[in-house]
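J.: Right, I'll just put the structure down here and ask away after.
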Amino acid sequence: MKKKLILESGEVFHGEGFGAELETAGEVVFNTGMTGYQELISDPSYCGQIVCMTYPLIGNYGINRDDYESIEPAIKGLIVKELCDLPSNFRTQITLDELFKKKNLSGISGIDTRRLTRILRNSGVVKGKIVNADADEAAVASELKSTNFPTNQVEEVSTKTPYANPNRGFKVVLVDFGAKLGIIRELSQRNCDIIVVSQDTTAEEILLMNPDGIMLSNGPGDPEDVPHALDMIRGLLGKVPIFGICLGHQLIGLACGAKTFKLKFGHRGGNHPVLDLEKNTVAITSQNHGYAVDQESLKGTDLIETHIALNDRTNEGLKHKIHPCFSVQYHPEASPGPEDANYLFDEFIQMMEDFKK
Ligand SMILES: NC(=O)CC[C@H](N)C(=O)O
């Protein structure tokens, strides 16, 4: 079935549709990972976005039962150069096309993803829509221009009720802003007794659970759209050790008086170099973010910058000067991607141990 991708700026890309037969609109972003399409399709942080994969062959190892980052994907669509319909891997259960049909998602293949990525790099991320071949291009572009995407994406993907992932180790309350399962996997591996709570849980409610540590998860959208989380973080600072990842990191920044801003085209992929300013070491990291903490705004706060991105020198890590609290903009759970930063979970365990003493 012939389809086309129309950008709000009016550019049109012709291709072949896959997955469900539906038209889909979202923010068009690009991801430079060579693998990891299953994880990113199911990463709740991609809520409302259509992802263009810069690696030219996607779907070649199929979809397996182990690599999901959530049960229901929140992504809006996928743009690929070549879709592989004959995957080869011992873990493959279904093809990417079959997953998209099953989950009612639509994608487009046969796209010049280099040209598209150049447009996104030059003009910044834009809204786009995957439509049927006969759609009126000018009408779709102007409809996109006047559409504002929802600001309640965190609410959409967060759990509505708390649930437990029991174990015998430290009791960690994981605040779910759209948490990837990889975070639960990493904490479980370290024997953490996890309670996952909804994004609107208050500090008082969390303290009643008597936690040893708080994990603030990743999540979709603009951190400024989650103002209630700032009171929650302020209410926990100094009382329980806190570790934040991605959206959780940005929220710690905002809660401590820093500002965030939207990056031109974000960081998305499994190959982003990050400099640890304290250890003077570089880690290759997995990233997926469109916003960043404003470094200038850290002045006068109690936060110290601990990491920066080597591609554009933007902020990638923070630590509180007084309280046990640290965070990173990238993904130490590394699903998908390099495991260089995995030790941060061990540091979180250590922080909980030290705090207990
Ligand atoms: N993965 C995330 O948590 C992303 C955080 C935020 N939504 C951003 O795009 O910057």
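The values are calculated or read from the model by the stated rules, or taken from the named source; none is laboratory data. The shown structure was predicted, so the numbers you read here are calculated from the model rather than taken from an experiment. Note that each Cβ is placed from the backbone with ideal geometry, even for glycine, and that neighbours are counted across all protein chains shown. Remember, those area values only see protein heavy atoms, side chains included, never the ligands or the DNA or RNA. Shrake-Rupley method; radii C 1.70, N 1.55, O 1.52, S 1.80 Å.
J.: Take His289 and tell me if it is within 16 Å of the ligand (Cβ to nearest atom), within 26 Å of Ala179 (Cβ to Cβ), in contact with a Cys (Cβ under 7 Å, 6 or more places away or on another chain) and not aliphatic (A, V, I, L, M).
T.: yes
J.: Strands (runs of 3 or more DSSP E) wholly in the range 269-348 with at least 1 residues that are small (Gly, Ala, Ser) and closer than 24 Å to Lys239 by Cα - which ones?
T.: Answer list for the range 269-348: 315-320, 325-328.
J.: I need the full set of residues from the range 172-205 which are away from the ligand (no atom under 16 Å from the Cβ) and in contact with a Gly (Cβ under 8 Å, 6 or more places away or on another chain), in order please.
T.: Within the range 172-205, Val172, Val173, Arg190, Asn191, Cys192, Asp193, Thr202, Ala203, Glu204 qualify.
J.: For residues in the range 220-233 being open to solvent by less than 10 Å² (accessible area, probe 1.4 Å) and within 13 Å of the ligand (Cβ to nearest atom), which is nearest to Cys192 (Cα to Cα)?
T.: My answer is Ala229.
J.: While we're looking at this one, here's another question. Just one of (1) open to solvent by less than 10 Å² (accessible area, probe 1.4 Å); (2) of a type outside the set (Ser, Thr, Tyr); (3) closer than 22 Å to Ala292 by Cβ trips up Ala203, so point out which.
T.: Answer for Ala203: the failing condition is (3).
J.: Checking Ala139 against (1) assigned by the TED database to the domain that holds Thr24; (2) surrounded by 14 or more Cβ atoms within 10 Å (Cβ to Cβ); (3) free of Cβ contacts under 8 Å to residues at least 24 places away in the same chain: exactly one of these is not met. Which one?
T.: (2)
J.: Given the structure, is Phe265 within 16 Å of the ligand (Cβ to nearest atom), within 22 Å of Ile184 (Cβ to Cβ) and aromatic (Phe, Trp, Tyr)?
T.: no
J.: Then there is this: Give the range 144-154 a look and list any residue that's surrounded by fewer than 18 Cβ atoms within 10 Å (Cβ to Cβ) and touching a residue at least 12 places away in the same chain (Cβ under 8 Å), or say none.
T.: Listed by number, the residues that qualify are Lys145, Thr147, Phe149, Pro150, Thr151, Asn152.
J.: Go through the range 164-200 residue by residue and tally those that are open to solvent by 10 Å² or more (accessible area, probe 1.4 Å), under 23 Å from Gly238 (Cβ atoms) and touching a helix residue (DSSP H, G or I) at 6+ places or on another chain (Cβ under 7 Å).
T.: 3
J.: Give me a count of the residues in the range 238-272 that are open to solvent by less than 30 Å² (accessible area, probe 1.4 Å) and either on the phi < 0 side of the Ramachandran plot or of a type in the set (D, E, K, R) (or both).
T.: Residues in the range 238-272 being open to solvent by less than 30 Å² (accessible area, probe 1.4 Å) and either on the phi < 0 side of the Ramachandran plot or of a type in the set (D, E, K, R) (or both): 23 in total.
J.: Could you list all residues from the range 4-33 that are over 24 Å from Gly124 (Cβ atoms) and either among the hydrophobic types (A, V, I, L, M, F, W, C) or crowded, with 20+ Cβ neighbours inside 10 Å (or both)?
T.: Gly17, Phe18, Gly19, Ala20, Leu22
J.: Same structure, new question: Output the residues belonging to the range 336-346 that are without any contact (Cβ under 8 Å) to a residue 24 or more places away in the chain and over 18 Å from the mean Cα position of the chain (by Cα).
T.: Across the range 336-346, the qualifying residue is only Tyr343.
J.: Taking the options Gly219, Gly257, Gly244, name whichever one is within 20 Å of Tyr330 (Cβ to Cβ), assigned to a loop (DSSP other than H, G, I, E, B) and in contact with a helix residue (DSSP H, G or I) (Cβ under 8 Å, 6 or more places away or on another chain).
T.: Gly219
Conditions tested, residue by residue: (1) in contact (Cβ under 8 Å) with a residue 40 or more places away in the chain; (2) within 20 Å of the chain's Cα centre (by Cα).
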site	(1), (2)
Gly62	no, no
Asp67	yes, yes
Ser70	yes, yes
Lys81	no, no
Asp85	no, no
Ser88	no, no
Arg91	no, no
Asp97	yes, no
Lys101	yes, no
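J.: In addition: Which residue out of Leu318, Leu303 is farther than 18 Å from Thr32 by Cα and within 16 Å of the ligand (Cβ to nearest atom)?
T.: It is Leu318.
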